[in-house]
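The values are calculated or read from the model by the stated rules, or taken from the named source; none is laboratory data. Computed from a prediction, not measured in an experiment: that's the story for all the values here. We place every Cβ from the backbone using ideal geometry, glycine too, and count neighbours over all the protein chains shown. These accessible areas exclude ligands, DNA and RNA; they are computed on the full protein's heavy atoms, side chains included. Shrake-Rupley method; radii C 1.70, N 1.55, O 1.52, S 1.80 Å.
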Amino acid sequence: MSTYMPKADAASRKWYVLDAAGKPLGRTAATAAHILRGKHKVTFAPHTDCGDHVIIINAAEAVLTGKKLDQKIYYRHTGWVGGLKEIKYSKLMAETPEKAMMLAVKGMISDTALGRTQLTRCRIYKGSTHEHAAQKPEAWTL
């Protein structure tokens, strides 16, 4: 008896739609990361890229529980001296909710070449419309 080792080029990729309306941002991001990695498949292997495509719609209607909307801050650095930039999540969710969702999903994917490849299959939209109807995506219930 031998162990099955999946190959990356033999992976069959499906498309899934996640509706973030009224759902916690972190829970939606965790589900998206789970699908992007392929952990829902029986042929999952951590060293192989066997995940599926994810479309997240209604990112603007995702909720942050507790006081996170007022207290949570996203920091980034420009690379220059004194270049620390910060933005509150209340402003981030009002202006670019797609970026807030992408940051949450990115934090749940490994920071490797494999993780960066998996993250390219994530598409996030502010509203309920997307342009991937030709791929026939299936709805994923949270």
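Being open to solvent by 60 Å² or more (accessible area, probe 1.4 Å), part of a loop (DSSP other than H, G, I, E, B) and under 20 Å from TYR16 (Cβ atoms) is the filter here, so list the residues in segment 111-126 that pass it.
THR120, LYS126
Could you tell me whether LYS39 is open to solvent by 60 Å² or more (accessible area, probe 1.4 Å) and over 17 Å from TYR125 (Cβ atoms)?
So LYS39 fits the description; yes.
Among the candidates THR78, THR129, THR96, single out the residue that is open to solvent by 100 Å² or more (accessible area, probe 1.4 Å), modelled with pLDDT of 95 or more and either among the β-branched types (Val, Ile, Thr) or within 15 Å of ALA21 (Cβ to Cβ) (or both).
One residue alone meets the criteria, THR129.
I'm told LEU142 meets every condition in (1) open to solvent by 50 Å² or more (accessible area, probe 1.4 Å); (2) of a type in the set (A, V, I, L, M); (3) out of contact with any Phe, Trp or Tyr (no Cβ under 9 Å at 6 or more places or on another chain); (4) outside any loop (DSSP other than H, G, I, E, B) except one. Can you identify the failing condition by its number?
(4)
This table checks each residue for (1) buried (at least 20 other Cβ atoms within 10 Å of the Cβ); (2) of a type in the set (Gly, Ala, Ser).
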{"site": "ALA21", "(1), (2)": "no, yes"}
{"site": "ARG27", "(1), (2)": "no, no"}
{"site": "THR43", "(1), (2)": "no, no"}
{"site": "VAL54", "(1), (2)": "yes, no"}
{"site": "GLY66", "(1), (2)": "no, yes"}
{"site": "GLN71", "(1), (2)": "no, no"}
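Would you call LEU103 of a type in the set (A, V, I, L, M), in contact with a His (Cβ under 8 Å, 6 or more places away or on another chain), part of a helix (DSSP H, G or I) and surrounded by 12 or more Cβ atoms within 10 Å (Cβ to Cβ)?
Here the answer is no, as LEU103 does not meet what is asked.
For segment 1-19, how many residues are within 11 Å of ALA45 (Cα to Cα), exposed (fewer than 10 other Cβ atoms within 10 Å of the Cβ) and aliphatic (A, V, I, L, M)?
Result for segment 1-19: 1.
Take ALA30 and decide whether it is part of a loop (DSSP other than H, G, I, E, B), closer than 18 Å to ILE124 by Cβ and within 19 Å of the chain's Cα centre (by Cα).
No, not satisfied.
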